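A short worksheet on the structure shown next.
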Amino acid sequence: MFVTVEGVEGAGKSTLLNLLARELERRGIAFLRTREPGGCGLGASLRPLLLDVSSRLDSRAELFLFLADRAQHVAETIRPALERDEWVLCDRYADSTIAYQGYGRGMDIDRLQTLNDYATKGLWPDRTLLLDLPVETGLDRARARNGREGLSASEGRFEAEEKAFHQRIREGFLDRAARWPERFQILDATLAPQQLLQQALSGLGIVS
Ligand code: T5A
């Protein structure tokens, strides 16, 4: 089972994944937890280039760095885990490229879909949990966390974008969820983490 978690900045993806991972562990379900960018050796090198506020990336260069990370991540990490019959829990994946580089930066959505198919050899998630919330709430959370953890410079490039950019991304994710309702589960990310966990577990067919 390949599960991705998506959403705008500060939606609570890592927090939900921590809880979900603990729950799978408790039930003896073998899983791999990973993320993009940065879920493989190549991605770990690319992550600072993509997220540091000092990076001056052309939007096409940005796109191809995300795709390079994804191609290697699928080949080296995700596909082997699925072949071992493990669950894969991934924090962001191809829907993020379409939401951020497509809806956010204005690149052609169909072309991005094709490029993602090519990078992943057609691997799309079985289930996608979309954490949806007002962008201001998410940005406040993400900026507060980055401030506390000293990550504002090293991880803050997207958080620094204007509000309208993040609003387009939120709408982009919701568009995708409406187009593939059997894959997406939309969760109200303003709820408490434990409530989100219960909804995610039932959506994934895990009875609590
Ligand atoms: N990107 C990524 C692209 O543009 N294209 C792509 O193809 C890909 C893959 C990645 C950036 O790259 C962009 C998108 C991103 O901008 P990242 O550092 O990996 O950056 O960061 P994100 O994935 O965006 O993670 P966030 O910083 O948004 O955070 P999370 O994981 O969504 O949120 P989390 O769990 O860390 O929570 C944030 C804060 O909120 C609190 C937490 O305690 C924490 O302080 N919180 C809650 N508070 C109240 N209620 C809840 N339910 C809460 N859940 C968490």
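The values are calculated or read from the model by the stated rules, or taken from the named source; none is laboratory data. What you are looking at is a predicted structure, and each value in this text was computed from that prediction instead of being measured. Note that we place each Cβ from the backbone using ideal geometry, even for glycine, and neighbour counts take in every protein chain shown. These area figures cover heavy atoms from the full protein model, side chains too; ligands, DNA and RNA do not enter into them. Shrake-Rupley method; radii C 1.70, N 1.55, O 1.52, S 1.80 Å.
Tabulated values for the structure
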{"read-out": "Selected from 161, 76, 149 as most flexible by GNM, with the chain as the system and alpha-carbon contacts under 10 Å", "value": "149"}
{"read-out": "Backbone HN-Hα couplings from phi across the range 82-93 [Karplus 6.51/-1.76/1.60, Hz, Gly and Pro as x]", "value": "5, 5, 7, 6, 8, 6, 10, 10, 10, 7, 6, 7"}
{"read-out": "Positive minus negative residues near residue 91 (Lys, Arg vs Asp, Glu; Cβ under 11 Å)", "value": "+2"}
{"read-out": "Highest-MSF residue in the chain out of 147, 12, 43 [GNM, Cα springs under 10 Å]", "value": "147"}
{"read-out": "Over the chain: helical MRE at 222 nm, DSSP H runs n ≥ 4 each giving -39500 (n - 2.57), nearest 500", "value": "-15500 deg cm²/dmol"}
{"read-out": "Candidates 61, 21, 94: whichever shows maximal mean-square fluctuation once the chain is modelled as a Gaussian network with Cα springs under 10 Å", "value": "61"}
{"read-out": "Sum of side-chain charges, residue 173 neighbourhood, beta-carbon under 9 Å (Lys, Arg +1; Asp, Glu -1)", "value": "-3"}
{"read-out": "Probe 1.4 Å, accessible area per residue of the chain, Å²", "value": "46 Å²"}
{"read-out": "Trypsin sites (Lys or Arg not before Pro) restricted to the range 42-141 and DSSP loop, no more than 14 other C-beta within 10 Å", "value": "56, 84, 121"}
{"read-out": "Rounded Å value of the spacing that divides the Cα centres of the range 146-208 and the range 62-89", "value": "20 Å"}
{"read-out": "Value of D in µm² per second that Stokes-Einstein yields for the chain, Kirkwood Rh from Cα pairs, at 25 °C (0.890 mPa s)", "value": "142 µm²/s"}
{"read-out": "Within the accessible area of the chain (1.4 Å probe), percent carbon and sulfur", "value": "51 percent"}
